[in-house]
Structure formats: C-alpha cells, structure tokens
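Shown next, in structure tokens, is the structure this report addresses.
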Amino acid sequence: MHVSIVIPNYNGLEVLKKHLPAVLKCMRKDDELIVVDDASKDDSAVFLKSTYPQVKVIEHTLNKRFGQTCNDGIAEAKNELVLLLNNDVAPDPELLKHLLPHFDDPKIAAVGCCEHNSAGVLSGKSIASFTRGMFIHDRATKQTSGYTMWSTAGSMMVRKAIWEQLGGMDHAFRPAYFEDIDLGYRMWKAGFLVRFEAKAKVFHDHETTNITAFGNEHIQVMSYKNGFIFMWKNVTDFSVFLQHICWLPYHLIIGGIRSHGLLILGFFQAILQMGEVFISRAKITKMTVLRDAQVIKKVQTLDEEFGEEKHDKNMAT
C-alpha cells in the first residue's frame, strides 16, 4: 500500500529544515509528500520548492488554521492511506512498516504513533471519561499497543475514505485544539476503530506551539471553548447530556473563579458558535452507531482484550 504524507505548516521554516530529512528517509519509492503552507511569512514555501522539488507544496493565501490545513492536504492526497505529521516531528525510518499492517482490517480508521520527547516521556495513547458532565481526556498511563480514544493529529495514519466520510477535522474548533479528539470520537461513534502502535516511533519535542501566536491565556480560553463545543456537538445520550446541564452551574461558578474568568469567556465564545455546532451535530447523528456510554466502554474493553491476547501469544512463544 502506498502512502501520502501530509504536513501542515505555519512559519515552520527552521523545524522543516531540521526534521524533513527524517520524513524523506522513512518514505518508499512510490509514496508522496505534501506540505500545506498556511500562509506562512517566513518563506517556508520558497525553501521547500527550491530545496525539495519532489515535495508537493500547497499554499494558502489566507491563514485557515490547523484543522482546515489538514483537510486541504488530505483532499489532495492521491493514496488511500495518509500519514499526518506535524512539521516538528521526526519519524523513525521504519515507521510505515509498523503502521501499515493494521489497515488490513477495513474497520481501522486511524492508527496513532508513539511519540518520544527529549525527556524520555512517551505519549500518543489516550483515555477518556465523562466526569462531572464533561468529557475528560488524558494520556494513558501505559503506552502499549492497543486501542485508543483518539490518535494525536501530529503523528497518525488515517484511511482517507473514512476521513472524508466523516468530514475530516471540524472547523468549529478553530483556531486550534480538540480537532483530533473530536475526530477520533466520531470515528468510534460511527462504528470504526482507532488503534495505537507502540512500535511506530516518532520524535516530537513540540518545538512549534501556539503559544507564540496566541499567548497562554488565549490558548486556555480556546481549550475551554472547544471543550463545551465537543459536548454540545457530540453527546447524544440523554443521561450524559443531562449530567452536563446539571453540572454546568458548578463549572461556570467554581471553574470560572479558579480560571480567573477564562472558562466563562470560553463558554460564551462557544455560545456564539452554537449555530454551526448544531449543524455538525445533525450530521453526526445520522452516522451514529454507538451511544456515548458505549464508546467509552468499547475502547476500554477492546484495549484490555488486545493486551490479554498479546500477553497470551508472548507466553505461548
């Protein structure tokens, strides 16, 4: 199976210079590399065209933000499997060898990579729960191969047909945060599967962040806003949504105080997007196979069974 690698880029000239050689090293003869430049001001596109003519460069004239940049890159991909990488990610040379076998199962929508950083911390596998009326997500304690709630957008392989069927990343989460969490959740809810492969290694030290562009407070507001949008858009179980409504005063009062008003600001920004959120909600409802409580349970159950099966095989050998 051939692979298209898509890298979204905004003002990432220096990290492209640093990490692109590793990306090219992991590619095979008939794979393709697409870099979508989101109206950078640092001549990233000029550098790519002059230094790497084999790279397909898509240039935005206006900044469309992360989610739409990924959508535009995958729309141009010629192959069924697409590896989505951040511009500050250096993949292991044998990355594709560990990812591709998972897609023999037609139900697999995405497979996440194991991200290593300079401190030796591993990440990429995620867990989640509905707690106090909100969707709480976190890094899994054990970063072992199995099933994950979602794949990190900075290093995941997706099946293009399923990506397009689900509409890709939702622009409602602009300018950033929650796009990959939302996509993974929708994959599960539509009856597809999302895996994590511990042997698929990438080095990701997060050299590019949104802090420079937005500032810490703005980032926190975005996170709160998108957390509310996630709930209003995705949760269709009456009992789960009722818990959200019942806990909402607590979050606005206590959370508002603890966040010095940032949570309240995020809440009202989410309110302003209510129209587009409910349009997205209507589309999701038509594709829903699992209820919200079933999604959480299924991820946990499949991951436990995968771990037990792998353990039994190791014992047998």
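The values are calculated or read from the model by the stated rules, or taken from the named source; none is laboratory data. Predicted, not measured: the structure shown is a model, and the values here were computed from it. All Cβ positions, glycine included, derive from the backbone under ideal geometry; neighbour counts span all protein chains shown. All accessible areas refer to the heavy atoms of the entire protein, side chains included, with ligands and DNA or RNA removed. Shrake-Rupley method; radii C 1.70, N 1.55, O 1.52, S 1.80 Å.
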Next on the checklist: With the structure loaded, tell me whether Y185 is in contact with a Phe, Trp or Tyr (Cβ under 7 Å, 6 or more places away or on another chain), among the hydroxyl-bearing types (S, T, Y) and either buried (at least 21 other Cβ atoms within 10 Å of the Cβ) or modelled with pLDDT under 95 (or both) or whether it fails that test.
Outcome noted: yes
Next on the checklist: Can you go through I74, I5, I58 and tell me which one is under 16 Å from M157 (Cβ atoms) and either more than 18 Å from the chain's Cα centre (by Cα) or assigned to a helix (DSSP H, G or I) (or both)?
Outcome noted: I74
Checklist entry - Just checking, which of I162, I136 is in a strand (DSSP E or B) and either at positive phi or among the β-branched types (V, I, T) (or both)? => result I136
Next on the checklist: Quick check on my filter: what residues within region 76-104 are open to solvent by 20 Å² or more (accessible area, probe 1.4 Å) and under 15 Å from D37 (Cβ atoms)?
Outcome noted: E76, N86
Next on the checklist: Step by step: first the residues of region 48-74, then only those that are hydrophobic (A, V, I, L, M, F, W, C) and free of Cβ contacts under 8 Å to residues at least 60 places away in the same chain, then the one that is farthest from K17 (Cα to Cα). Which residue is that?
Outcome noted: L62
Next on the checklist: Given the criteria buried (at least 18 other Cβ atoms within 10 Å of the Cβ) and under 19 Å from G124 (Cα atoms), does V55 qualify?
Outcome noted: no
Item to check | Boolean, I279 is open to solvent by less than 60 Å² (accessible area, probe 1.4 Å), farther than 18 Å from I108 by Cβ, part of a helix (DSSP H, G or I) and modelled with pLDDT under 95 | outcome: no
Next on the checklist: Among the listed residues K17, K41, K29, identify the single one that is assigned to a helix (DSSP H, G or I) and open to solvent by 10 Å² or more (accessible area, probe 1.4 Å).
Outcome noted: K17
Checklist entry - Under 8 Å by Cβ, and 6 or more places apart or on different chains, what pairs join a residue from region 182-207 that is within 18 Å of D105 (Cα to Cα) with one that is open to solvent by less than 10 Å² (accessible area, probe 1.4 Å) and of a type in the set (D, E)? => result K189/D292
Next on the checklist: Against the definition (more than 20 Å from the chain's Cα centre (by Cα), assigned to a loop (DSSP other than H, G, I, E, B), at pLDDT 95 or above and not basic (K, R)), how does P101 come out, yes or no?
Outcome noted: no
Checklist entry - In region 3-12, which residue that is modelled with pLDDT under 95 and either among the aliphatic types (A, V, I, L, M) or surrounded by fewer than 23 Cβ atoms within 10 Å (Cβ to Cβ) (or both) is nearest to N86 (Cα to Cα)? => result Y10
Checklist entry - Restricted to region 142-182, and to residues that are β-branched (V, I, T) and out of contact with any Asp or Glu (no Cβ under 8 Å at 6 or more places or on another chain), which residue is surrounded by the fewest Cβ atoms within 10 Å (Cβ to Cβ)? => result T144
